[in-house]
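The values are calculated or read from the model by the stated rules, or taken from the named source; none is laboratory data. None of these values were measured; they are calculated from a predicted model. Here the Cβ positions follow ideal geometry from the backbone for every residue, glycine too, while neighbour counts run over all protein chains shown. These accessible areas exclude ligands, DNA and RNA; they are computed on the full protein's heavy atoms, side chains included. Shrake-Rupley method; radii C 1.70, N 1.55, O 1.52, S 1.80 Å.
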Amino acid sequence: MLHYTRVAQLIRVGDSAPLNINRVPQQKYLSALSEEDGLALLAELDLPAPATTDGGSLFGRPDDFWKGEDTDAVSLGNVRQEQEYLRRHLLRGRVTAACSICGEELPQQLLIAAHIKPRRDCTEQERKDFRSVAMLVCSLGCDALFGWGYITVNAEGRVRRGISAETKDVEAAVDLLIGRPCGAYNAHTAPNFAAHSDLHLARS
């Protein structure tokens, strides 16, 4: 049997633990015992940890079971303040519009206001220039293929092959788009399409 003072030395402390920062039992009914704490107590008692032949854990939960606490957490970070206005500018009140890459007419919820030149590489002034910075692309594949550089747009405004595809399926998706005219290509967007191509091909 373990004395409670030894238990206090072994297990974790904190707001969600059995003990507070002073290693005094918290005033509450129940407190979760972490797997690490449980193993430490078993080792102190010279007891073997239970075998888990099914890939489970000390508590009989499989490894694909979330072991943390709440799945939601508060996070602080930068917000793209212009994104809502950029999307509104591109849609111009339409409930359907064509994807700039594949040309398919789609409902607005399947269209993304995608930056042509990666936003992280744009200056503050470039981000504010709505006529040249972005285009509407579909979430059915074109956004990802363009965003990751698998496709680019050449100086004639047509879709061309970008970085090498790692799988046959990605290559097949790219093949369907090669040679298509880009609906967003014009004198204003041309420099950003060139920058997009240069950035991705330089990194490949």
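Taking H as built 1.01 Å from N, whose amide H comes closer than 5 Å to the amide H of L106, not counting residues under 5 places away?
A97, A98, C99
With a ≥ b ≥ c taken as the square roots of the eigenvalues of the C-alpha gyration tensor of the stretch 107-163, please select rounded if a/c is under 1.5 and otherwise prolate if a/b is larger than b/c or oblate if it is not?
Judged from the Cα gyration tensor, the stretch 107-163 comes out oblate (a/c at least 1.5, b/c at or above a/b).
For the stretch 72-204, what does the alpha-carbon gyration tensor say about shape, rounded, prolate or oblate, given a ≥ b ≥ c as the root eigenvalues, a/c under 1.5 as rounded, and a/b over b/c as prolate?
Rounded, because the longest to shortest axis ratio a/c is under 1.5.
With a 1.4 Å probe and all protein chains kept in place, how do L106, L176 rank by accessible area, largest first? Don't jump to the answer; show the numbers that get you there.
On the way: L106 25, L176 130 Å².
Ranked list, largest accessible area first: L176, L106.
Leaving ligands and nucleic acids out of the surface, order I163, I178, I101 by accessible area at 1.4 Å, largest first.
Reading off the accessible areas and sorting them downward yields I178, I163, I101.
For a quick check of understanding: with a 1.4 angstrom probe and all protein chains in place, what accessible area in square angstrom does C182 have, to the nearest ten?
10
For F130, F193, give me the order by solvent-accessible area with a 1.4 Å probe, most accessible first, ignoring ligands, DNA and RNA.
Descending order: F130, F193.
Which FRET efficiency value, to the nearest 0.05, do you get for Q109 and T167 by plugging their Cβ-Cβ distance into 1/(1 + (r/R0)^6) with R0 = 25 Å?
Efficiency, from the Cβ-Cβ distance: 0.35.
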